[in-house]
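FYI, it's all coordinate maths here, none of it is from the lab. Bear in mind the structure is a predicted one, so any value in this text is a computation, not a measurement. Backbone-built Cβ (ideal geometry, glycine too); neighbour counts: all protein chains shown.
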Amino acid sequence: MTKKKKVVIDTGDAGKGTSEIAENANTQEMEERALSVFASERNEDITALVLCLITTFIVLLFTKWVV
Amino acid sequence: MSRTKENIPVFIMGGLLIVYGIIVQTGVLLPLLTYLHVHKSMDLMVTMSFVIGVIALVGAVINSSKEPGNSVFDRFVLQPMGGIVLLLIMAMAIRWYLEPLVIIMSKSLHATLGFDVYKVLNLNYVVLGLLAGVLLTNTYGIPKFAAAGVKCARFVLKMGVIMLGARYSFAELAKLGVYSIWLIGFFVLGTVFLVLWLGNIFKQPKTMTGVLSAGMGVCGVSATVAVAPVVKAKSSEMAYTIGTILSFGIICMFIFPTIGKLVGMNAVQFGAWAGTGILNSAQVAAAALAFNAVDIKTLKVAEIFNITRVLFLPVIVLVLATWFGKESGQKLSFKTVVIDKFPIFILGFLLLFILSSAGLFSPPEHYKGKYIDVSYNKRTEVTPEEWEVLNKAMQAGAFKELNESQMMAVTDLIHQRQIAGNFDERNDKTKFDQVGRARMSELEGVLAAVKAKQVRLSKEVGSAIKHAISQVHKKSKTVVTLTDCMIWFFAFGLIGLGMQITKKAIFQAGGWPLVIGVISGVAKATLSFFIVLWLVKDVVLK
Amino acid sequence: MENMFKHILLCTHGSDGARKAEALVFTQLAEATGAKVTVLTVLDKDWRLMTGDDWLNSSKTHADFLDHVEEQVSEEIADDWNRILSIYAKARSADFVQHTGGIAETITTVARQLGCDLIVIGPYRKTKRLTLKMEKGLRDRMKNEVLHPLLPCPLMIAP
């Protein structure tokens with residue numbers, strides 16, 4: 001007799017490894033598994049880039065363009 | 001009501017920040033801050049305390065008055081607020097209080113111990129931040145209110161890497177890129193094969209040597225995590241491998257900078273060595289900043305190596321997948337491994353690099369040129385070693401031959417550790433700037449006199465003065481400010497990443513992975529040390 | 001001894017100590033008391049903390065990794081249960097369950113849910129640091145300070 005059950009590290013069901021991470025993947029899943037607050041990797045990277053550009057713009061504004 | 005209760009820590013932190021900002025503003029703390037040698041950052045302290053304090057208070061009020069939602073604003077701003085503020089407070093406390101205190105304390109222990117603790121262990125704010133993070137998780141644990149915010153760490157670290165892109169020139173990137181591709185290529189493949197071979201000798205299962213070889217060869221835990229599903233590693237193999245790699249990397253992070261300083265490596269050599277020899281990429285950044293946190297040369301080199309490793313990772317995953325493909329019966333295509341997993345933030349790094357190369361960040365009137373900035377900045381200071389050379393020379397009376405105004409400029413350089421105007425006059429920008437520039441030209445006069453053999457100064461003193469002058473030169477205010485933002489991002493990110501290093505993971509080190517890992521890790525570190533010393537010459541960095 | 005216990009919760013993860021508990025339950029306790037036995041294996045939730053300070057991988061890689069851990073550990077647990085089944089005839093009538101969570105919390109919660117009146121675990125062993133023997137799962141051990149206040153019923157430690 002074989003007993004086999006799948007153990008689940010309980011984090012919800014979206015964005016599992018086998019499927020692509022959907023645009024609106026379960027945020028909790030991402031938080032628990034990937035230690036990130038973003039719904040997908042692409043969102044995280046793009047947000048990082050946008051925030052960097054905003055920082056750059058503000059810095060440019062106050063150190064080069066306005067002064 | 002219970003929501004207000006949950007937000008009490010955030011209220012307290014915000015309130016404390018504002019009170020602290022007010023206290024600093026009144027100048028009561030000036031003696032203490034001068035003693036800690038951080039009084040020049042007072043303006044920044046006040047601004048940061050007020051801005052972060054107000055944001056924290058507003059956030060806490062909103063959080064306690066409304067139901068937690070699932071909107072973008074909720075998820076990315078309101079919920080992580082507590083953790084972000086906590087990390088920022090830790091970063092500020094470490095940078096302005098803990099680091100100077102550690103330095104002062106280890107100097108006072110110098111007499112009994114015979115060496116400076118902070119120098120041997122490289123306890124600057126980056127390493128202290130990482131350690132503080134590790135300590136917090138493993139003792140008290142990450143507080144509940146901060147859990148969501150701490151998860152922003154890797155995101156902020158990515159921002160740091162993107163911002164770093166602004167600091168390279170084409171020539172540097174090309175030169176460093178060639179170094180890194182050769183060194184990383186050689187050592188990645190070398191270590192992977194060494195581990196597989198050692199595994200064969202010790203008769204260890206292929207699944208274990210598979211994960212271990214990726215971890216030791218490419219980028220530590222990241223590679224282990226990426227490769228484990230591909231080679232179908234057993235649970236014990238993953239656990240022991242991760243533990244070994246994490247512990248080995250942490251030890252390297254402390255040992256590498258000390259050895260690098262002992263043998264007198266330059267910034268490029270150390271960056272190349274750390275980038276090749278240290279396993280985890282966060283630890284590479286920490287070691288680079290530990291080697292030299294005053295200017296960011298080493299970090300620039302090390303991060304190029306880091307990025308090269310990241311780009312090598314998919315290749316290794318593919319190679320190991322082919323190696324184990326027959327057994328696991330799993331097919332991996334180029335698309336799933338390389339394209340789907342391509343780190344987009346590296347494109348951001350390139351974008352900032354292109355913007356910077358296009359001259360966007362240099363002052364309009366001087367393209368990458370003779371812009372002079374004499375404002376206060378920790379990073380425009382001379383290095384602690386140079387400061388000691390100058391201070392000793394002053395006490396030994398080496399500057400006797402200088403004229404009075406040159407003497408005053410040198411005295412002030414030693415006093416302020418950088419070329420700047422007078423601290424008391426910092427509010428009068430024009431005067432401050434004039435005094436600073438005058439001091440700079442006096443120091444240039446000193447160098448000219450040395451060159452004309454009118455004044456005799458030792459080579460070290462000359463190079464220290466030269467460095468002080470170059471620190472206020474050549475950097476546009478934009479670049480300086482952008483670099484400061486970047487350093488804060490790195491400090492923030494590394495504290496947060498420290499919080500993800502649990503003792504559970506560290507104590508998991510052991511078994512065969514420890515044996516094979518130590519052999520291959522030490523071999524890699526030693527060999528790369530000699531190859532870097534032999535091959536890598538100083539690249540002229542701006 | 002008969003009817004002294006109705007439902008025994010046997011906690012095992014296949015280590016040497018846990019095997020002592022298995023032997024105690026299936027060769028002595030179950031026989032003597034006629035109690036129903038439930039075998040519980042806990043998957044330590046802290047596996048998700050094992051990725052350390054890794055920040056380079058995409059979230060998909062992290063998810064893939066934890067998927068693999070789940071699958072792999074499930075397989076290993078299944079192997080373990082088959083081992084128990086092949087050794088002890090008495091085990092055929094037992095229930096086998098597995099849960100993910102903190103070890104002490106999960107054991108006590110399951111015991112409460114199933115209405116168990118005895119929990120059996122293996123003895124505390126000192127983990128040898130310098131050994132080449134690799135054990136399954138994480139090295140971390142359960143702490144008495146955590147377990148004892150949570151207990152819903154007596155705890156028996158196999159000698």
- Query: What is the dipole size for the range C:7-157, taken about its Cα centre, with +1 at each Lys and Arg Cβ and -1 at each Asp and Glu Cβ, in debye to the nearest 20?
  - Reply: 660 debye
- What list do you get for B:Phe345, B:Phe312 if you sort them by fewest beta carbons within 10 Å? B:Phe312, B:Phe345
- Query: Going toward the positive end of the dipole of chain B, with +1 on Lys and Arg Cβ and -1 on Asp and Glu Cβ, which of B:Met13, B:Leu36, B:Phe248 do you reach last?
  - Reply: B:Phe248
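Restricting to Cα pairs below 8 Å that are 6+ residues apart, what does the relative contact order work out to for the range B:2-151? Please round to a whole percent.
Working: 133 pairs, mean separation 42.7, N = 150.
With pairs under 8 Å counted, the relative contact order is 28 percent.
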- Note on the structure: Around B:Glu67 (Cβ within 11 Å, Cβ-to-Cβ, excluding B:Glu67; K/R +1, D/E -1) the net charge comes to +1
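I need C:His68, B:His415 ordered by Cβ neighbour count within 10 Å, fewest first. Working shown, then result.
Details: C:His68 20, B:His415 13.
Arranged by neighbour count, lowest to highest, C:His68, B:His415 become B:His415, C:His68.
Treat every Asp and Glu Cβ in chain B as -1 and every Lys and Arg Cβ as +1, leave all other atoms uncharged, and give the resulting dipole magnitude about the Cα centre to the nearest 20 debye. Kindly include the intermediate steps, with their values, before the conclusion.
Working: 51 positive and 30 negative charges, 242 e Å.
Approximately 1160 debye in magnitude.
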- Query: What order do you get for C:74-80, B:456-462, C:57-63 when each peptide is scored by the mean count of other beta carbon atoms within 10 Å, highest first?
  - Reply: C:57-63, C:74-80, B:456-462
- Could you point to the residue in B:Gly199, B:Leu311, B:Ser375 farthest towards the positive end of chain B's charge dipole, with +1 and -1 charges on the Cβ of Lys/Arg and Asp/Glu respectively? B:Gly199
- Message: Please list 3J(HN,Hα) in residue order for the range B:317-324, calculated via the Karplus relation 6.51 cos²θ - 1.76 cosθ + 1.60 where θ = phi - 60°; whole Hz, with x for glycine and proline.
- Response: 4, 4, 4, 5, 5, 5, 4, 9
- Across B:Lys119/B:Lys429; B:Lys66/B:Lys151; B:Lys453/B:Lys537; B:Lys203/B:Lys232; B:Lys234/C:Lys6; B:Lys300/B:Lys429, pairs whose alpha-carbon gap is larger than 28 Å: B:Lys119/B:Lys429; B:Lys453/B:Lys537; B:Lys234/C:Lys6; B:Lys300/B:Lys429
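Quick one: compute the contact order of the range C:1-66, relative version, from alpha carbon pairs under 8 angstrom and 6+ residues apart, as a percent. Provide the component values of the computation, followed by the final result.
Details: 55 pairs, mean separation 24.5, N = 66.
In percent, rounded to a whole number, it is 37.
Once the other residues with Cβ under 12 Å from the Cβ of C:His7 are scored (Lys, Arg +1; Asp, Glu -1), what is the net sum? Mind showing how you got there, number by number?
Numbers: positive: C:Lys6, C:Lys36, C:Arg112; negative: C:Asp95, C:Asp117.
Its environment carries a net charge of +1.
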- Note on the structure: Inter-chain shielding metric for C:70-81, i.e. average beta-carbon neighbours from other chains within 10 angstrom, reads 5
- Query: Mind checking the angle between helix B:99-108 and chain B's longest principal axis? C-alpha axes, 0 to 90 degrees, to the nearest 10.
  - Reply: 70 degrees
- Task: Give the order of B:Glu442, C:Glu71 when sorted by the count of other beta carbons within 10 angstrom, beginning with the fewest.
- Result: C:Glu71, B:Glu442
- Remind me, relative contact order of chain B in percent, using alpha carbon pairs under 8 angstrom and six or more residues apart? 23 percent
- Query: In the structure displayed, which of B:Lys378/B:Lys400; B:Lys175/B:Lys378; B:Lys40/B:Lys477 lie more than 25 Å apart, Cα to Cα?
  - Reply: B:Lys378/B:Lys400; B:Lys175/B:Lys378
- Of the candidates B:Ala148, B:Thr4, B:Gln434, the farthest towards the positive dipole end of chain B (Lys/Arg Cβ +1, Asp/Glu Cβ -1, centred on the Cα centre) is B:Ala148
- Message: Given the DSSP H assignment, sum -39500 (n - 2.57) over each helix run of at least 4 residues in chain B and divide by its residue total; what's the result at 222 nm in deg cm²/dmol, nearest 500?
- Response: -22500 deg cm²/dmol
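Could you pull out the trypsin sites (Lys or Arg not before Pro) across the range B:147-236 that fall in loop regions by DSSP (anything but H, G, I, E, B) with no more than 12 other Cβ atoms inside 10 Å?
Values: sites: B:Lys151, B:Arg154, B:Lys158, B:Arg167, B:Lys175, B:Lys203, B:Lys206, B:Lys232, B:Lys234; in loops: B:Lys151, B:Lys203, B:Lys232, B:Lys234.
Here the sparse-neighbourhood loop sites are B:Lys203.
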- Task: Taking the Cα centre of the protein assembly as shown as origin, work out the dipole magnitude from +1 charges on Lys and Arg Cβ and -1 charges on Asp and Glu Cβ, in debye rounded to 20.
- Result: 1200 debye
